[in-house]
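The values are calculated or read from the model by the stated rules, or taken from the named source; none is laboratory data. All of these numbers come straight from a predicted model, not from anything done at the bench. Every residue, glycine as well, gets a Cβ built from its backbone with ideal geometry; the counts of neighbours run over all protein chains shown. Each accessible area value is taken on the protein alone, full model and side chains, heavy atoms only, with ligands, DNA and RNA left out. Shrake-Rupley method; radii C 1.70, N 1.55, O 1.52, S 1.80 Å.
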Amino acid sequence: MARIAGVNIPTQKRVHIALTYIHGIGRKSAEDICDRLAIPRERRVNQMTEDEIVRVREVIDGDYVVEGDLRRERAMNIKRLMDMACYRGLRHRKGLPVRGQRTHTNARTRKGPARPIAGKKK
C-alpha cells in the first residue's frame, strides 16, 4: 500500500486515478504529475517502484497544497470572511447559499431539512 501525503492510495487502480484520492489533487493535477515524472497512464500503483513513489511524494510535497494544509487554509478563508462581516461571511454564518443561488425553493443542502411553520395553511 502506497502512502502519499498521509493518505493510503488504492493499489489496484491506475496511478493517475489513485492520486485523486488525495484531497487537493484532481484529475488534471494527477495527470500532470504522471506526465512530469514520465509514468505511463496504464501503470497501476502496485506496479510502481519505490523510487517512483518517492518522486511522486516529493513533487506533491513541493508543488501542491494538499490534505490538512488545504483544509486549514480554506477554513481560515471562510473564518476571515465571517470576521469581516461581509456579505459572503454573513451567508456562511447563517448557513445559506453563498454564491447567489435562489433560496425561495431549493437550497435544501445548505438550509437543512424543511421545518413546518405552525399555523400556515394554503
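Which percent of the accessible heavy-atom area of the chain goes to carbon and sulfur, probe 1.4 angstrom? After summing per-atom areas, the C and S share lands at 50 percent.
Derived scalar couplings between HN and Hα for the range 44-57 equal 9, 4, 6, 8, 6, 7, 4, 5, 5, 4, 5, 5, 4, 4 Hz in order, rounded to whole Hz, by the Karplus curve 6.51 cos²θ - 1.76 cosθ + 1.60 (θ = phi - 60°), x for Gly and Pro. Reducing the range 13-60 and the range 77-122 to their Cα centroids gives an inter-centroid distance of 39 Å. Annotation: amide H-H contacts under 5 Å for residue 4 (H modelled 1.01 Å from N, sequence separation of 5 or more, or interchain): 9.
When only Cα pairs below 8 angstrom with a gap of at least 6 residues are kept, the range 17-118 shows a relative contact order of 17 percent. Scoring 105-117, 5-17, 32-44 by mean Cβ neighbours within 10 Å over their residues and listing the highest first yields 5-17, 32-44, 105-117.
Here the 3J(HN,Hα) profile of the range 4-11, calculated from phi with Karplus coefficients 6.51, -1.76 and 1.60 at θ = phi - 60°, is 10, 6, x, 10, 7, 8, x, 8 Hz, Gly and Pro shown as x. Karplus-based coupling profile of the range 18-34, in residue order and whole Hz: 5, 5, 6, 6, 7, 5, x, 10, x, 4, 5, 4, 5, 5, 4, 4, 5, with θ = phi - 60° in 6.51 cos²θ - 1.76 cosθ + 1.60 and x standing for Gly or Pro.
Would you mind working out the accessible area per residue for the chain, using a 1.4 Å probe, and quoting it in Å²? Intermediate values should be presented prior to the final figure.
Working: 8840 Å² over 122 residues.
Per residue, the chain has 72 Å² of solvent-accessible surface.
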